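Below: the structure, in structure tokens.
The values are calculated or read from the model by the stated rules, or taken from the named source; none is laboratory data. Source: prediction; values computed, not measured. When we count neighbours, we look across all protein chains shown, and the Cβ atoms used for this are built from the backbone with ideal geometry, even at glycine.
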Amino acid sequence: MSETPPLVVVVVEMHGICKRFGGVQALDHAQLALYSGEVHALVGDNAAGKSTLIKVLSGAEIMDEGTILFEGRPVQIREPRDAKALGIETVYQDLALADNLDVPSNVFLGRELVRPGPGRFLMDLRRMERESRTLLDRLKIWLPNLRLPVRNLSGGQRQSVAVARCIYFNARVVILDEPTAALGVAETAKLHELVRDLRAHGLAVVMISHNLNHVFGVSDRITVMKTGRTVGTRIVAQTTQEEIVRIIMTGAADGRPPGQPPTPA
């Protein structure tokens, strides 16, 4: 008997999100819906509002107006701690890794494991290394030596460590901000494999990218933003790069309804 496919549910809904910086309207009633088990790309020109919308979701910015629903219930996200408590984790372009620390120390940075009992203020380094190796193996990430400072790792390996840190703490949504910007062809392919693996585990993955080849290679749905507005959403299998470029350039999506959630594999 075949396994029952995972249930696809709406994890996050963002409605009417507005954000102003002085006289600049960065977000103008923006919308976004994220489903479990999908890779959702956010695309658009510079200053389209992609990063600001994601910063609102991750708690780095506080919206001026709008509503955020998490698994159907209204939530307040006023700081990164609120987002993390919901299972929303973000990997920014700079990765926020401590170059002088090794892999386990980066995976557990700020949330270190400590020894039980009287010595509980001492970090449990062996357990952190063991847990890191188990996690990396589950994500099919091979790093021969976890004790090396992460400055010695390649760009793709560093990206993998940053993603693994998110997954360990029960992420439901993983946000990747230009994840392939500094990677070569081979490392980009490995990162895409990792993203597909996250999708297979039922996570909602949001990817901000300017590279439409990468977007079409790994995403299920694409949302186009322009001047702070959500212009339209398309299912990758039902659109083309030419259509997405046209929507980006014109800011018009011809009135078609937004793409629906992906069918479980």
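Some values worked out for this structure:
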quantity	calculated
Contacts under 7 angstrom Cβ, first residue in region 224-242 being in contact (Cβ under 8 Å) with a residue 12 or more places away in the chain, partner assigned to a strand (DSSP E or B) and aromatic (Phe, Trp, Tyr), 6 or more apart	none
Helices (runs of 4 or more DSSP H) contained entirely in region 32-145, each with at least 3 residues that are within 30 Å of Thr239 (Cα to Cα)	50-58
Pairs with Cβ under 8 Å, 6+ apart, first in region 1-19 and within 17 Å of Ile54 (Cβ to Cβ) and among the β-branched types (Val, Ile, Thr), second modelled with pLDDT of 55 or more and not in a strand (DSSP E or B)	Val11/Ser36; Val11/Glu71; Val11/Arg172; Val12/Leu57; Ile17/Leu53; Ile17/Val56; Ile17/Met63
In region 146-164, residue farthest from Ile88 (Cα to Cα) [restricted to those that are without any contact (Cβ under 8 Å) to a residue 60 or more places away in the chain and assigned to a helix (DSSP H, G or I)]	Asn152
Region 107-165, residues that are among the charged types (D, E, K, R) and on the phi > 0 side of the Ramachandran plot	Lys140
Subset of region 44-57 (residues that are surrounded by fewer than 24 Cβ atoms within 10 Å (Cβ to Cβ) and either without any contact (Cβ under 8 Å) to a residue 60 or more places away in the chain or closer than 22 Å to Val10 by Cα (or both))	Asn46, Ser51, Thr52, Ile54, Lys55
Residues located in region 15-25, provided they are in contact with a strand residue (DSSP E or B) (Cβ under 7 Å, 6 or more places away or on another chain) and either surrounded by fewer than 22 Cβ atoms within 10 Å (Cβ to Cβ) or of a type in the set (S, T, N, Q) (or both)	His15, Gly16, Cys18, Arg20
Among the residues listed as Asp102, Asp82, Asp64, the single one being within 22 Å of the chain's Cα centre (by Cα), free of Cβ contacts under 8 Å to residues at least 60 places away in the same chain and either more than 30 Å from Lys226 (Cα to Cα) or not assigned by TED's automatic domain parsing to the domain that holds Pro149 (or both)	Asp82
Scan of region 207-221 for residues that are polar (S, T, N, Q) and either out of contact with any Asp or Glu (no Cβ under 9 Å at 6 or more places or on another chain) or not assigned by TED's automatic domain parsing to the domain that holds Ser58 (or both), ordered by number	Asn213
Any helices (runs of 4 or more DSSP H) falling wholly within region 176-257 and containing at least 1 residues that are among the hydroxyl-bearing types (Ser, Thr, Tyr)	185-200, 241-250
Any chance Ala181 is of a type outside the set (D, E, K, R), modelled with pLDDT under 85 and assigned by TED's automatic domain parsing to the domain that holds Gly37	yes
Residues being within 19 Å of Leu153 (Cβ to Cβ) and not charged (D, E, K, R) - total across region 177-212	14
Matching residues, region 46-90, being β-branched (Val, Ile, Thr) and under 15 Å from Gln31 (Cα atoms)	Thr52, Ile54, Val56, Thr67, Ile68
Residue among Gly66, Gly72, Gly110 that alone is surrounded by fewer than 20 Cβ atoms within 10 Å (Cβ to Cβ) and in contact with a Cys (Cβ under 7 Å, 6 or more places away or on another chain)	Gly66
